[in-house]
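Peer 1: First the structure, which I've put down as structure tokens, then a few questions once you've had a look.
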Amino acid sequence: MNKQEFQKYILDIYGVVPDFPWESNPTFAVYRHQSNRKWFALVMNIPKSKLGLHDDGMIDVVNLKCDPVLTGSLRLENGIFPAYHMSKDKWISVALDGSVDDGKIKMLLDMSYELTSLKLTKRKKTV
């Protein structure tokens, strides 16, 4: 899945268009929940060296929130990295260059969307 396919998928499934909050990085696309404005995806084009890759080129990635129990094992997979510029415990960076299976990207996006959604709290019972 490439950047354009990923962004179309978000629009088709979640009906969300990106905003671009940084003047210094005008192409960095933030996807937020309409209800609580929390981010669930951040699409960026960054130097490969920022991910520890030994290459001078650029790469499209998406940062996704992840269950902290899964982040360590996911980062062992090709195309999945510690999050660029975000909490390494709760976020991962996923390459949008075809190295990660589309189904896995969609599953990780769904997880990020759920983890950042508005949570309803249970009310305590009174006796």
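Peer 1: In the neighborhood of Asp101, defined by Cβ-to-Cβ distances under 15 Å, what is the net charge if each Lys or Arg adds +1 and each Asp or Glu adds -1?
Peer 2: Taking every other residue near Asp101 into account, the sum is -3.
Peer 1: About its Cα centre, what dipole magnitude does the chain give when the only charges are +1 on Lys and Arg Cβ and -1 on Asp and Glu Cβ, stated in debye to the nearest 20?
Peer 2: 1020 debye
Peer 1: Relative to the longest principal axis of the chain, what angle (0 to 90°, nearest 10) does the C-alpha long axis of helix 102-115 take?
Peer 2: So the helix axis and the longest Cα principal axis differ by about 40 degrees.
Peer 1: HN-Hα J couplings of the stretch 56-65 from phi, Karplus 6.51/-1.76/1.60, θ = phi - 60°, integer Hz, Gly and Pro as x?
Peer 2: With coefficients 6.51, -1.76 and 1.60, one gets 8, x, 9, 9, 7, 9, 10, 8, 10, 6 Hz.
Peer 1: How charged is the neighbourhood of Val16? Take every other residue with its Cβ under 12 Å from the Cβ of Val16, and add Lys/Arg as +1 and Asp/Glu as -1.
Peer 2: Result for the local shell: +2.
Peer 1: How much net charge surrounds Glu114 when only the other residues with a Cβ under 13 Å from the Cβ of Glu114 are counted, with Lys and Arg +1 and Asp and Glu -1?
Peer 2: Result for the neighbourhood of Glu114: +2.
Peer 1: Equivalent ellipsoid semi-axes for the chain, as square roots of 5 times the alpha carbon gyration tensor eigenvalues: give them largest first, rounded to whole Å.
Peer 2: 27, 18, 14
Peer 1: Turning to a different aspect of this structure: Using modelled amide H (1.01 Å from N, peptide plane; none on Pro or chain starts), what sits under 5 Å from the amide H of Val16, excluding residues fewer than 5 places away?
Peer 2: Leu11
Peer 1: Leaving out ligands, DNA and RNA, and with a 1.4 Å probe, what % of the accessible surface on the chain is carbon or sulfur?
Peer 2: 53 percent
The values are calculated or read from the model by the stated rules, or taken from the named source; none is laboratory data. Owing to the predicted nature of the structure, the values given are computational and were not obtained by experimental measurement. Ideal geometry is used to build each Cβ from the backbone, glycine not excepted, and the neighbour counts take in all protein chains shown. All accessible areas refer to the heavy atoms of the entire protein, side chains included, with ligands and DNA or RNA removed. Shrake-Rupley method; radii C 1.70, N 1.55, O 1.52, S 1.80 Å.
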